[in-house]
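Please treat every number below as a calculation from the coordinates, not as lab data. These numbers were taken from a predicted model, which means no experiment stands behind them. In this analysis, Cβ positions are derived from the backbone assuming ideal geometry, glycine residues included, and neighbour counts consider all displayed protein chains.
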Amino acid sequence: MEDAALLLSVIAGPDGRDPWLRAAPVDPRADLERGAGGLSVGVVTTLVDSADTEGAVREAVRRAAEALRGLGARVEDVALPLLPMAGAVFMALADGEAAAWHHRTLRARGGDYDAGTRRRLLTAALVPATLGQQAARARAAIRTQVWETLARFDVLLAPTAPTAAPAIASGQAPIASRGEAGRRFFNRRSYTTPASLAGVPALSLPCGFTAGGLPIGLQLIGRRFDEATLLRAGRAYERAAGWAGRRPPLPD
């Protein structure tokens, strides 16, 4: 968290080429060591208790929430029922825009793209404009739900992904069914895309390991322009949990 706060302090600030940026952002390092006392934390049960979330991930995230409670935070469960559609909404918007940008190059030099990227761009090129408009309206609804929930909590807490770190080969496996396609392309993206769709900051940090030693990610989501509080919550947990000091064994 110290590194993240330091980097953000360097890159945040006004840019004469972007009129939408705030002129004087709060220094993200200001409250870094204040601890979790007095913070309100909403545990997003829609993601934590999802059928897609592995048991080891669910348990690790729940333990992290209890650790923050033990550090003085007020911790409550909260449901955001629109979040499961976030992955599909994100892909409809982001991949559709990407397909437009890459249209000429994709036609002329399609073989230069890796198979996964080419497949996503070609599929997005076939999505009708009406679906894109529906996705834009769904994004607005997700944003409203996230903003309204953050009006009640300082930060939201959820898994970064439904599983621990997957094997690289798992992403290259053939897609055998429509359900598998949904899990591979939409379901897992519904964990990390809500913050992006809502235009709010989020961070991921370690919260444990599986029995096989694979890392599990904890996601914290904060209010707009309130990275300082988000980093404060992350630093409080990181300091108490001690996962940041764990390193994998390296071969000789």
Dipole of the chain, positive direction: furthest Cα of 140, 55, 26, with charges on the beta-carbon: 140
So what is the 222 nm mean residue ellipticity for the chain from helices alone, if each DSSP H run of at least 4 adds -39500 (n - 2.57) and you divide by all residues, rounding to the nearest 500 deg cm²/dmol? -14000 deg cm²/dmol
The chain: most fluctuating residue of 107, 188, 223 per GNM, C-alpha cutoff 10 Å: 107
Could you work out the Rg to Rh ratio of region 32-242, with Rh taken as the Kirkwood radius (inverse of the mean 1/r over all Cα pairs)? 1.01
How large is the charge dipole for region 32-242, taken about the Cα centre, if only the Cβ atoms of Lys, Arg (+1) and Asp, Glu (-1) carry charge, to the nearest 20 debye? 480
Here, region 181-252 modelled as identical Cα point scatterers in vacuum has Debye log10 I(q)/I(0) at q = 0.24, 0.28 Å⁻¹ of -1.08, -1.19
Considering only DSSP beta bridges with both partners in the chain, what is the antiparallel share in %, to the nearest 5? 60
Return the long-range amide H neighbours of residue 218 (sequence gap of 5 or more, or a different chain), with a cut-off of under 5 Å between placed amide H atoms. 160, 205, 207
